[in-house]
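To keep things clear, I will list the structure first and then write my remarks on it.
The values are calculated or read from the model by the stated rules, or taken from the named source; none is laboratory data. Since we're looking at a predicted model, the values are computed, not measured. Glycine also receives a Cβ, built like all others from the backbone with ideal geometry; neighbour counts cover every protein chain displayed.
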Amino acid sequence: MYETINSPLNYGGLTLKNRIIFAPTTLGLPWEEQVERLRRIAAGGCAMIIVGDVPVLPHGFGPSLYTKKGFAQYRALAEAVHGEGCKLCAQLHQSDADLKAMLKYIPGVMTKRISKEELRPLLNQQVSPYITGLPAEKVKKITESFGTAAELAVQAGFDMVQVHGDRMCGSFASSLMNHRTDEYGGSLENRARFAVEAVSAVRRSLPELPIDFKLVVRQEEPHYGNAGVLESELPEFVPLLERAGVTSFHVTLANHGELTDTIPPANHPAFGMEGCFLRFCDAVKQVTHLPVCGVGGLTNPDFVEEQLRTGRMDCAAMSRQLIADPDWPAKTRDGRADAIHRCVRCNRACLGGMMAHQGVHCIYEGKTND
């Protein structure tokens, strides 16, 4: 019944057994628990898991590819996921958070004068001056590190890398956030230079490696997202990335707004519908022949099958749905779609758990998946 969902695909040089990908997600769990969560999702039948926010520099948030412990953690994860017949992709990430600026808010957070909800916009306000003021020589060192991190990721067992096109890449690309006057600012070609250099560094280090790119699009009328590029800039931006070596695109809404915009609940005024970000896939599809992965509130197998069958997207990425029911792919494959625990996009235990520093969970936890 779901022939397209369950058909294999050459995704930018990597063969996937079906069209379902676990989207990069900050889980906020202890590492052993995170490995087991991802192993369970792999066992449920998805074709590939993208591990979010793998730092490209030796010092970053999360396990480091550069340390013996961090490298071993990633290797153990790769073995666990591969053991379930699933591919693994490392989302290479560089934060655009200004650590010095963050420090001045710590007393307010500790004394609860600044709430967690208030902290995020305060930190977002520091991004633009931070990336605008970064010395060019430091920028080049960061982009070069994407190549080194990719080499280490492959050694650790990853099958593919994704360059995180949001965060520092997206902030550099955004005319709202990037106010530089050197070769990294001004024109779109200059604002795209960070992303192009990062992809090129991976391609030089690993000429045959598939490179996915998380392509983030800023929406106007109404305005959502502050990083990334406008739809009108895609005809210039996408070919620059293709020439640098990108082999596929993972398309979504740009960040640096409200978390409930990029992780929208079912009652979101603009993104409450199934497949809420697929309009951005439509725009990207017009300017590339490379595979495109769609994301955003995908829960209904009938809807997902239709979008894949018609070529609106080539893969479907899910996060909350595979946390709600890791067996979504297996159930569609085995004719048990009526048994799927459909994500209701309430954001209570997933986004809510992350914001409360309790890790990403689901209201369905403890219930049987059969």
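Points worth noting:
- Only one entry of Ala317, Ala337, Ala324 meets the criterion of being more than 22 Å from the chain's Cα centre (by Cα) and small (Gly, Ala, Ser), and that entry is Ala337.
- Enumeration of residues in region 301-314 that are out of contact with any Lys or Arg (no Cβ under 7 Å at 6 or more places or on another chain) and not in a loop (DSSP other than H, G, I, E, B): Pro301, Asp302, Phe303, Val304, Glu305, Glu306, Gln307, Arg309
- Highlighted here are the helices (runs of 4 or more DSSP H) found entirely within region 315-370 that include at least 1 residues which are more than 29 Å from Asn10 (Cα to Cα), in contact (Cβ under 8 Å) with a residue 40 or more places away in the chain and aliphatic (A, V, I, L, M): 351-355.
- Condition met for Leu14 (of a type outside the set (S, T, N, Q), at pLDDT 95 or above and surrounded by 23 or more Cβ atoms within 10 Å (Cβ to Cβ)): no
- Selection of region 313-357 for residues being charged (D, E, K, R) and under 20 Å from Thr262 (Cα atoms) yields Arg320, Arg342, Arg345, Arg348.
- So Lys116, is it modelled with pLDDT under 65 and either in contact with a His (Cβ under 9 Å, 6 or more places away or on another chain) or within 20 Å of Phe194 (Cβ to Cβ) (or both): yes
- Residues satisfying the stated conditions in region 52-81, i.e. under 22 Å from Pro8 (Cβ atoms) and among the β-branched types (Val, Ile, Thr): Val81
- Index of the failed condition, Val287 passing every other in (1) surrounded by fewer than 17 Cβ atoms within 10 Å (Cβ to Cβ); (2) closer than 21 Å to Tyr364 by Cβ; (3) in contact with a Pro (Cβ under 7 Å, 6 or more places away or on another chain): (2)
- Qualifying positions in region 312-359 - farther than 21 Å from Glu274 by Cα and touching a helix residue (DSSP H, G or I) at 6+ places or on another chain (Cβ under 9 Å): Met354, Met355, Ala356, His357, Gln358, Gly359
Here's the yes/no breakdown for (1) touching a Ser or Thr at 6+ places or on another chain (Cβ under 8 Å); (2) surrounded by fewer than 20 Cβ atoms within 10 Å (Cβ to Cβ); (3) over 15 Å from Val154 (Cβ atoms); (4) not acidic (Asp, Glu):
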position: Val51; (1), (2), (3), (4): no, no, no, yes
position: Phe61; (1), (2), (3), (4): yes, yes, yes, yes
position: Thr67; (1), (2), (3), (4): no, yes, yes, yes
position: Glu79; (1), (2), (3), (4): no, yes, no, no
position: Cys86; (1), (2), (3), (4): no, no, yes, yes
position: Leu92; (1), (2), (3), (4): no, no, no, yes
position: Asp96; (1), (2), (3), (4): yes, no, yes, no
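- Checking Pro301, Pro291 one by one, the residue that is in contact (Cβ under 8 Å) with a residue 60 or more places away in the chain and either of a type in the set (Asp, Glu) or in contact with a Cys (Cβ under 8 Å, 6 or more places away or on another chain) (or both) is Pro291 and no other.
- Candidates Ala72, Ala47: the one that is within 30 Å of Arg336 (Cβ to Cβ), at pLDDT 95 or above and among the small types (Gly, Ala, Ser) is Ala47.
- Counted as qualifying within region 2-99 are the strands (runs of 3 or more DSSP E) with 1 or more residues that are charged (D, E, K, R), namely 48-55, 87-93.
- Taking each residue of region 256-268 that is within 17 Å of Lys214 (Cα to Cα) and touching a residue at least 60 places away in the same chain (Cβ under 8 Å) and looking for partners that are β-branched (Val, Ile, Thr) and crowded, with 16+ Cβ neighbours inside 10 Å with beta-carbon atoms closer than 8 Å, six or more apart or interchain, yields His256/Val127.
- Summed over region 153-167, the residues that are buried (at least 20 other Cβ atoms within 10 Å of the Cβ), aliphatic (A, V, I, L, M) and over 14 Å from Ala198 (Cβ atoms) give a count of 2.
- Residues of region 227-270 that are surrounded by fewer than 17 Cβ atoms within 10 Å (Cβ to Cβ), modelled with pLDDT of 95 or more and polar (S, T, N, Q): Ser232, Asn267.
- Scope region 142-182; condition in contact (Cβ under 8 Å) with a residue 12 or more places away in the chain, closer than 18 Å to Ser128 by Cβ and over 18 Å from the mean Cα position of the chain (by Cα); matching residues: Ile142, Ser175, Leu176, Met177, Asn178, His179, Arg180, Asp182
Here is a yes/no grid of residues against (1) charged (D, E, K, R); (2) surrounded by fewer than 20 Cβ atoms within 10 Å (Cβ to Cβ):
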| residue | (1), (2) |
| --- | --- |
| Gly275 | no, no |
| Val304 | no, no |
| Gly311 | no, yes |
| Ala316 | no, no |
| Asp334 | yes, yes |
| Arg348 | yes, yes |
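- When Gly186, Gly170, Gly147 are checked against the criterion of being outside any helix (DSSP H, G or I) and either buried (at least 17 other Cβ atoms within 10 Å of the Cβ) or not charged (D, E, K, R) (or both), a single residue qualifies: Gly186.
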